[in-house]
Amino acid sequence: MSARDRIFERIRQGHARRAARGHEPTPNPAVKRPVLGDELTALWIEQVGLHFGTAHTLAEGQRVADAVEQIADSGHIIGFDACVASQDWTSKTATFERAEAPKDRPIFVTAAHAAVAETGSVLMSGGTNRKLINAYLVRHLIVLVSEATMVGTLEEAAERIPEINERQVILMTGPSATGDIGGELILGAQAADRLDYLLIP
Amino acid sequence: MLTEPDVTLEAFRKRVREALDNKVLRETMENDGRSWSGATQDLIKHENYAEWRRQAANTRQHVLENLDTYLLEFEKNSTEAGAEVLWCDSTEDAQRTITSLVKKHKGSSVVKSKSMMTEEIHLRDAFAREGIHVTETDLGEYIVQLANEPPSHVVGPASHKSIGEVQELFLEHHSELPADRPLDSHALVEESRLVLRDEYTASTIGITGANFLIADSGTIVTVTAEGNAELTVLSADVHIVVTGVERVVPTLEQAMPLLRTLCRASGSGDVVSYISFVRGARRANDLDGPKKLYIVLLDLKRTDLLGTTAESLLRCVRCGACMNHCPVYQVGGGHVYGTVYPGPLGKALLPYSYGVETLGYLASASVGCKRCDTVCPVEIPLTALMEESKRESYERRVGPWRQRKMMSVYSWLCTRPRIFHFAERTFLRLTRVLGGRNRRLRRFLGPWSKGRDLQFHDSRTFLSQYSDSKR
């Protein structure tokens, strides 16, 4: 008898014990979603701030590269993911380059599949045009978020995950953090310590 | 390699005495307990928390009552997504299976994110025996690995360590770095970040646990605040998931209330930084991700609890809230217990899993305050389960003779209120004369009076104080 068979046999024995005790079956509970109101973007921006991130909004007529350059506020090379390669990254003052290898780049730009207002989170993934590890190797991560992708609750985010249809999807909320040394909250434990979002209306 | 702790009652008492005499530990635990329990209290004040908790408890209970159905569904869907599911029902079986996988893929160096299941099967020891180098990637786990200790808490493995102790460990183990470097808490985190980066790069195999397994899609859910679970697997060729059979949840939507309660109860915030949903191995043309995904599902006596009075323990989501709020755990930390699961979870679970003859005494290390019941995000009646173990120990005549005799006398007194109140008054009067500084009662009560001042400011019984206050 294999371990698998033994485990299923013990599960069946457990069911028999429960039945013998006259236990009433517990129905599969329906999920009741929180009610969040209509101002999802405002809620998302507020939640981003509460989770140590910063949300910026692209001004009318402003280029994404210019907005990113403003956010980056440094002379470092700014790496960008394949999923945002179609943007015009030419710039007079900053150097943008497509990040191929998982190097520890100081600044990296990628895009989210969706934003989640309830928690100020974003859904990101790996895939054919996204290298997920780059988002973990950098100090400063800049995420482009289309306002049109905004969802309200975590349950709505759960609906988006199969639609994204990638091997690994991440619900990211704020920078990497630890409280393992003396109970003090320290950002940048392993991944980004600075997280900026550029909301594209 | 870790030494298997002695789980006899005598060894437990010895560890308790040592912990009580360790001033650094007691101070660290006191600070730690305050911050964790305070954070949880703030987070569970949310107006919907009670509803989410009910929903989380019902989802977990429903799964347990239909475990075979959901496990089969998970196995089918994860296999279709490209994972290979392996089943193990004992520690030896699990150690053999996982080390074989590592050897098969020629992995001499492994990175591993925090997983209580791998602690249950003593995976680090099994790897050491086979010459496989493993590095823990969660900072707390990394610290206890350097100290050659097991974790003392399910969420904060190094919560018993003071910053001074961590500094000493880093100075000792990162000897290639200048000894006079500054090592405040930020510098320690930075140093571990850099050291771990090298380990990620050097390893081809990444091991993680799984907080939940989603049946209808074969998805694995992991939760970390540091992002180390993703780093562990994204640079690896092979991802091995090690988790318990009870972790399955019907749908992704139903996992969301569980994630809300898990994060809040653990004191980590309303949601932690990284929640990862993994389905299958790397697909053709994916830019990164492991090429092979194994999911090792472990039983380790879990299914023996199904249908018993202790079944509710399998709802546990390992948030550590019961430990953060336990006044007993907060005094001595997790190592006192000598078991993988310390605190109320261990005290309730282990006497059922390993028998009251072996670990029944753990249930007595409780003050019965029920704070663990109140904060548990999946409504496990931990105190009632501990009381049930104590009753069973008493009925089966397990434990010290003197303790059982005292329980008999106490039980006899409790059923005779007039004699009980007389005895209570007499005892209080006695403490006035014999308690306090000279502690003459100590000889009679032994360890019970070691850490307590048996002189009460008010010698009235609780009932007489209560009736006086009503007047």
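Those residues that are of a type in the set (Phe, Trp, Tyr) and either part of a loop (DSSP other than H, G, I, E, B) or modelled with pLDDT of 95 or more (or both), I need them from the stretch B:308-353; list them, please. Can you show your working first?
Quick first cut of the stretch B:308-353, residues of a type in the set (Phe, Trp, Tyr) only: B:329, B:337, B:341, B:352.
Hit for the stretch B:308-353 is B:Tyr341, nothing else.
Can you go through B:Arg315, B:Arg260 and tell me which one is within 11 Å of another protein chain (Cβ to nearest Cβ), within 13 Å of B:Asn211 (Cα to Cα) and under 15 Å from the mean Cα position of the chain (by Cα)? Before the answer, list the steps.
On the way: B:Arg260 fails: under 15 Å from the mean Cα position of the chain (by Cα).
Matching residue, one of B:Arg315, B:Arg260: B:Arg315.
Confirm whether B:Gly338 is among the small types (Gly, Ala, Ser) and without any contact (Cβ under 8 Å) to a residue 40 or more places away in the chain.
Details: among the small types (Gly, Ala, Ser): yes; without any contact (Cβ under 8 Å) to a residue 40 or more places away in the chain: no.
For B:Gly338, the condition - among the small types (Gly, Ala, Ser) and without any contact (Cβ under 8 Å) to a residue 40 or more places away in the chain - is not met.
Condition first: in a loop (DSSP other than H, G, I, E, B) and closer than 17 Å to B:Arg260 by Cα. Now tell me which residues in the stretch A:16-51 satisfy that.
Pass one, the stretch A:16-51, residues in a loop (DSSP other than H, G, I, E, B): A:21-39, A:51.
Within the stretch A:16-51, A:Pro29, A:Ala30, A:Val31, A:Lys32, A:Arg33, A:Pro34, A:Val35, A:Leu36, A:His51 qualify.
Anything in the stretch B:145-177 that is facing chain A (nearest Cβ under 9 Å) and aliphatic (A, V, I, L, M)? List them, or say none.
Kept after step one, since they are facing chain A (nearest Cβ under 9 Å), are these residues of the stretch B:145-177: B:156-159, B:161-163, B:166.
Residues satisfying the conditions are B:Ala158, B:Ile163, B:Val166.
Please go through the stretch A:90-105 and pick out each residue that is crowded, with 16+ Cβ neighbours inside 10 Å and either touching a Cys at 6+ places or on another chain (Cβ under 8 Å) or modelled with pLDDT under 85 (or both).
Hits for the stretch A:90-105 are A:Ala94, A:Ala99, A:Pro102, A:Arg105.
Under 6 Å between Cβ atoms, which residue pairs at least 6 apart in sequence (or on different chains) link something in the stretch A:25-38 that is more than 8 Å from chain B (Cβ to nearest Cβ) with a partner that is of a type outside the set (A, V, I, L, M) and outside any loop (DSSP other than H, G, I, E, B)?
Final answer for the pair search is A:Arg33/A:Glu155.
Looking only at strands (runs of 3 or more DSSP E) that fall completely inside the stretch A:130-201, which ones have 3 or more residues that are at the interface with another protein chain (Cβ under 9 Å from one of its Cβ atoms) and buried (at least 24 other Cβ atoms within 10 Å of the Cβ)? Break it down into steps so the answer makes sense when it comes.
Values: elements: A:140-146, A:168-172, A:194-200.
Answer list for the stretch A:130-201: A:168-172.
Could you count how many residues in the stretch B:389-407 are farther than 23 Å from B:Leu349 by Cα and either surrounded by 11 or more Cβ atoms within 10 Å (Cβ to Cβ) or in contact with a Lys or Arg (Cβ under 7 Å, 6 or more places away or on another chain) (or both)?
The first filter runs over the stretch B:389-407 and keeps only residues farther than 23 Å from B:Leu349 by Cα, leaving B:401-402, B:405-406.
Within this subset, residues satisfying the condition of being either surrounded by 11 or more Cβ atoms within 10 Å (Cβ to Cβ) or in contact with a Lys or Arg (Cβ under 7 Å, 6 or more places away or on another chain) (or both) are B:406.
Count: 1.
Would you pick out the residues in the stretch B:242-271 that are closer than 24 Å to B:Val296 by Cβ and free of Cβ contacts under 8 Å to residues at least 60 places away in the same chain?
Answer for the stretch B:242-271, where residues must be closer than 24 Å to B:Val296 by Cβ and free of Cβ contacts under 8 Å to residues at least 60 places away in the same chain: B:Arg247, B:Thr251, B:Leu252, B:Ala255, B:Leu259.
Taking the condition of being part of a strand (DSSP E or B), surrounded by 24 or more Cβ atoms within 10 Å (Cβ to Cβ) and within 11 Å of chain A (Cβ to nearest Cβ), how many residues in the stretch B:178-222 meet it?
Qualifying residue count, the stretch B:178-222: 4.
Can you work out which of the residues in the stretch B:265-307 that are assigned to a loop (DSSP other than H, G, I, E, B) and of a type in the set (A, V, I, L, M) is surrounded by the fewest Cβ atoms within 10 Å (Cβ to Cβ)?
So the first thing to find is which residues in the stretch B:265-307 are assigned to a loop (DSSP other than H, G, I, E, B), and the list is B:266-273, B:279-291, B:299-302, B:306-307.
Going one step further and asking which of them are of a type in the set (A, V, I, L, M), we end up with B:271-272, B:281, B:284, B:287, B:300, B:306.
Values: B:Val271: 26, B:Val272: 22, B:Ala281: 20, B:Ala284: 5, B:Leu287: 19, B:Leu300: 18, B:Leu306: 23.
It comes out as B:Ala284.
Which condition from (1) surrounded by fewer than 21 Cβ atoms within 10 Å (Cβ to Cβ); (2) touching a residue at least 60 places away in the same chain (Cβ under 8 Å); (3) farther than 21 Å from B:His122 by Cβ is the one that B:Cys369 breaks?
The one condition B:Cys369 does not meet is (2).
Step by step: first the residues of the stretch B:106-126, then only those that are surrounded by 18 or more Cβ atoms within 10 Å (Cβ to Cβ) and out of contact with any Gly (no Cβ under 9 Å at 6 or more places or on another chain), then the one that is farthest from B:Val144 (Cα to Cα). Which residue is that?
B:Gly107
Please go through the stretch B:237-246 and give me each residue that is of a type outside the set (Asp, Glu) and either more than 19 Å from the chain's Cα centre (by Cα) or crowded, with 23+ Cβ neighbours inside 10 Å (or both), ordered by number. Lay out the reasoning, then the answer.
In the first step, residues of the stretch B:237-246 are kept if they are of a type outside the set (Asp, Glu); the result is B:238-245.
Matches in the stretch B:237-246: B:Val238, B:His239, B:Ile240, B:Val241, B:Val242, B:Thr243, B:Val245.
Considering every residue within the stretch B:264-282, establish whether at least one is at pLDDT below 95, more than 7 Å from chain A (Cβ to nearest Cβ) and closer than 28 Å to B:Ser108 by Cα.
Checking the stretch B:264-282: not a single residue is at pLDDT below 95, more than 7 Å from chain A (Cβ to nearest Cβ) and closer than 28 Å to B:Ser108 by Cα.
The values are calculated or read from the model by the stated rules, or taken from the named source; none is laboratory data. Everything numeric in this text was worked out from a predicted model, so none of it was measured. Heads up, the Cβs are rebuilt from the backbone with ideal geometry, glycines too, and the neighbour counts pull from every protein chain shown.
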